[in-house]
Amino acid sequence: MKYIFGPVPSRRLGLSLGLDLIPFKTCSYNCVYCELGRTTHLTIERKPYVKAKEILDDLEAFFADKTHPPVDYITLGGSGEPTLNAELETIILGAKALKKAPVAVLTNASLIWQIEVQRALLAADAVLPSLDAVTEGIWKKVNRPHPLLKIQQIVEGLKDFRQAYSGEIWLEVLFVKGINDSKEEIERLKAEIEEINPERIQINTVVRPPAESGIAPLTESELNVIKGILGEKAEIIAHFKRHIDQQSSLEHLKEDILAMLKRRPCTLQDIAVALGVHMNGVVKMIDELQKQGEIDTYEHSGKRFFVVKSLSR
Ligand code: SF4
């Protein structure tokens, strides 16, 4: 199952089964806080980066195995922007047709002004878009978008989508110290968010090592002040959503992965499931271990395995 990760515990979605619709770091944004590092393919081109059939075959195989626990959500996201996949609607409808769990989409919302993207998202049970800033200069600083994108178009797209969509919208705002946390920007965000009218406003900050150095989080008390400004729908999700997890903190993740790979070669998914950590954290740590020359990788039966250097062939 190449396109499934988890199920993993998620603060926002309970036990979430992730579907990865996009190649690693193919995104319309290059956020300064991205825990996956810099975007390697900055694009707004929608195409079937991964075919719906391949993803849905994986999903069916997953549910055919009765040893898996029931999941709370099937979550479309992964290591890039999922709405870039032109077969998004087919994937959502196919996942829903299995009747195993509601379907949620994690999106940076950058393409939500496009009719086809809106139409695809209408099929989801919950849409979790991001909106970190509404002032053009600040948005460009924090999200470093594709040059053809416009923030006003995105904000209007979110409002239009709200009009058409009866499912849940949980809007995430991630604050970065000194970039999008001024009182003026928060007030502007508040005004636009009121018009977008999501069911929940989820406040976050930088909690994982970010793409860029010098990117700092807000403190809990600063987030609490923002929560007060954004009103009763607002909740703080920092320290939960993007953390590695309770069982395997970031400091221990490296040792845990090396210990696993000393026992046997594993795929990224094997590691994420066994350690109960988010796929994104595993990808990043594996990348570091490869750069440090501690592990090797090879392909077998169409799957990519990782192994510690001393065991590699
Ligand atoms: S945080 Fe999300 S939207 Fe931003 S660059 Fe990373 S994958 Fe893209």
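The values are calculated or read from the model by the stated rules, or taken from the named source; none is laboratory data. Values in this document were obtained by computation on a predicted structure and should not be read as measured data. Cβ coordinates were reconstructed from backbone atoms using ideal geometry, including for glycine residues, and neighbour counts include every protein chain displayed.
Worth pointing out:
- Any chance E45 is within 24 Å of Q202 (Cα to Cα), within 16 Å of the ligand (Cβ to nearest atom), touching a residue at least 24 places away in the same chain (Cβ under 8 Å) and acidic (D, E): no
- Qualifying positions in region 74-113 - of a type in the set (V, I, T) and in a helix (DSSP H, G or I): T83, T90, I91, I92
- Among the residues of region 122-141, the ones that are within 16 Å of the ligand (Cβ to nearest atom) and either outside any loop (DSSP other than H, G, I, E, B) or under 15 Å from C27 (Cβ atoms) (or both) come to 9 in all.
- Just one of the listed residues (G37, G18) is within 12 Å of the ligand (Cβ to nearest atom), assigned by TED's automatic domain parsing to the domain that holds V173 and crowded, with 16+ Cβ neighbours inside 10 Å, namely G37.
- L59 vs. criteria in the same structural domain as N180 (by TED's automatic domain parsing) and touching a Leu at 6+ places or on another chain (Cβ under 7 Å): yes
- V32 farther than 18 Å from V127 by Cβ, in the same structural domain as I215 (by TED's automatic domain parsing), touching a helix residue (DSSP H, G or I) at 6+ places or on another chain (Cβ under 9 Å) and more than 16 Å from the ligand (Cβ to nearest atom): no
- Qualifying residues in region 81-95 (those that are under 14 Å from L19 (Cβ atoms) and in contact with a Pro (Cβ under 7 Å, 6 or more places away or on another chain)) - the one farthest from the ligand (Cβ to nearest atom): E87
- L98 being in contact (Cβ under 8 Å) with a residue 12 or more places away in the chain, assigned by TED's automatic domain parsing to the domain that holds L17, surrounded by fewer than 22 Cβ atoms within 10 Å (Cβ to Cβ) and more than 17 Å from L21 (Cα to Cα): yes
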